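Visitor: Sharing a structure, written as structure tokens. Questions coming.
The values are calculated or read from the model by the stated rules, or taken from the named source; none is laboratory data. Please read these numbers as outputs of a predicted model, since none were measured by experiment. Glycine gets a Cβ as well: all are built from the backbone with ideal geometry, and neighbour counts include every protein chain shown. To get the accessible areas, we keep the full protein, side chains included, count just its heavy atoms, and leave off ligands, DNA and RNA. Shrake-Rupley method; radii C 1.70, N 1.55, O 1.52, S 1.80 Å.
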Amino acid sequence: MSWIDVHTHLERLELSPDESLEEALAADVSQVITIGTGPEDWPTVLDLAARKFPVVGCTLGVHPHDAELFDLEAEAFIEKNVGQAHVVAVGEIGLDYYYDNAPRKLQRQVFERQMELAARAKLPVEIHTRDAEPDTAEVLKAFKGRVGGILHCFTSSWDLAKVALDCGFEISISGVVTFKNAGDLREVVRQLPLDRLTVETDAPFLAPVPHRGKKNRPAWVVHVAQTVADNKGIELPELQSQVEANVRRIFAKLPPINSCANRG
């Protein structure tokens, strides 16, 4: 058994990717999924995953902040590369109405086009949603039975969580769950079925307690997991076993590994 950080940004971390992975291994984190958010970082995440797979898998997608970058060329690039063994999902895609860095109508259109792409590729998705619950719920319902995956760094309501679960999606919990003011999120965690959740860091963002104020690292996913286990009223090994099984079910292209000797 081991931990898998399902959402990190290896190329943005304080430590080098090699150092970050070695530190993660020492903390019993055997695999990570590094996230492609747009054309600028796709070559880097593809190269990292190609060299480090199966320790590192990657995703390709256009983040809602950069929806204006999703054009026919970007779509063709994703479609061309998602068949590679180390590309395990489409993402990070979704809606962000908190920052509104792109027009909402465009965000929704780009989100739906990437969901269609994932359906064609038969891959899961990693979804970002912030202050956009009604529209996110509509898209999830529209793709029910065609696309699955995770709502990453979940901080929304139990109402959206229920819609996601009903539509076949899973809920991914980040370091936010450790924050003092995250009581509502901890209540969502208590209600989540154990076989429908994953854990992540979203490193270098959202470092968990006891590392608040620092740049996050994949190794620190264990602090997220401990808080989840505490709120579920279970021991950490039970959570570890179930979360690993969940991840391997969701991200079918990320194979088990017996050791991390091939990190180099």
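Visitor: Could you identify which residue out of Val56, Val209, Val222 has the top mean-square fluctuation in a GNM of the chain using Cα springs shorter than 10 Å?
Guide: Val209
Visitor: Return the Cα extents of the chain along principal axes one, two and three, sorted largest first, each rounded to a whole Å.
Guide: Ordered largest first, the chain gives principal extents of 44, 41, 34 Å.
Visitor: Moving on to the next point. Using a probe of 1.4 angstrom, how much of the accessible area of region 173-230 is carbon and sulfur, in percent?
Guide: Roughly 50 percent, rounded to a whole number.
Visitor: Averaged per residue, what accessible area in Å² does region 198-262 show with a 1.4 Å probe, protein chains only?
Guide: Values: 2910 Å² over 65 residues.
It amounts to 45 Å² per residue over region 198-262.
Visitor: Separate question: What is the percent carbon and sulfur in the accessible area of region 57-116, measuring with a 1.4 Å probe over the protein chains and ignoring ligands?
Guide: On the way: 1270 of 2550 Å².
Carbon and sulfur together cover 50 percent of it.
Visitor: Scaled to the compact-protein estimate 2.2 N^0.38 Å, what is the alpha-carbon radius of gyration of region 128-186, rounded to two decimal places? Don't skip to the answer; put the middle values down first.
Guide: Numbers: Rg = 11.5 Å, N = 59, 2.2 N^0.38 = 10.4 Å.
Output field value: 1.11.
Visitor: Hey, what's the Cα Rg ratio for region 1-77 versus the globular rule of thumb, 2.2 N^0.38 Å?
Guide: Working: Rg = 13.4 Å, N = 77, 2.2 N^0.38 = 11.5 Å.
Scaled against compact globular proteins, the figure is 1.17.
Visitor: Less than 19 Å from a label point 7 Å out along the Cα-to-Cβ axis of Ser241: which backbone N atoms in region 1-16 qualify, by residue?
Guide: Once the point is set 7 Å along Cα→Cβ of Ser241, 1-4 turn out to lie under 19 Å by backbone N, inside region 1-16.
Visitor: Rounded to two decimals, what is the ratio between the C-alpha radius of gyration of region 1-132 and 2.2 N^0.38 Å?
Guide: Compared with the compact-globule rule of thumb, region 1-132 sits at 1.05.
Visitor: When the Kirkwood radius is taken over all Cα pairs of region 109-148, what Stokes-Einstein diffusion coefficient follows at 4 °C and 1.567 mPa s, in µm²/s?
Guide: My calculation gives 125 µm²/s for D.
Visitor: 7 Å from Cα along Cα→Cβ at both Asn81 and Leu69: what's the point-to-point distance in nm?
Guide: About 1.1 nm, to one decimal.
Visitor: Residue separation times 0.36 nm, minus the C-alpha to C-alpha distance between Arg130 and Asp184: what's the value? All intermediate terms of the calculation are to be shown ahead of the outcome.
Guide: Details: separation 54, 0.36 × 54 = 19.44 nm, distance 1.51 nm.
Extending this stretch completely gives an extra 17.9 nm.
Visitor: Give the range of the longest stretch in the chain that excludes all chymotrypsin sites (Phe, Trp or Tyr not before Pro) found in loop regions by DSSP and having at most 11 other beta-carbon atoms within 10 Å.
Guide: Counting only loop sites that pass the neighbour cut-off, the longest clear stretch is 100-264.
Visitor: Checking the a/c ratio against 1.5 first, then a/b against b/c, what shape does the Cα gyration tensor give for region 96-170?
Guide: oblate
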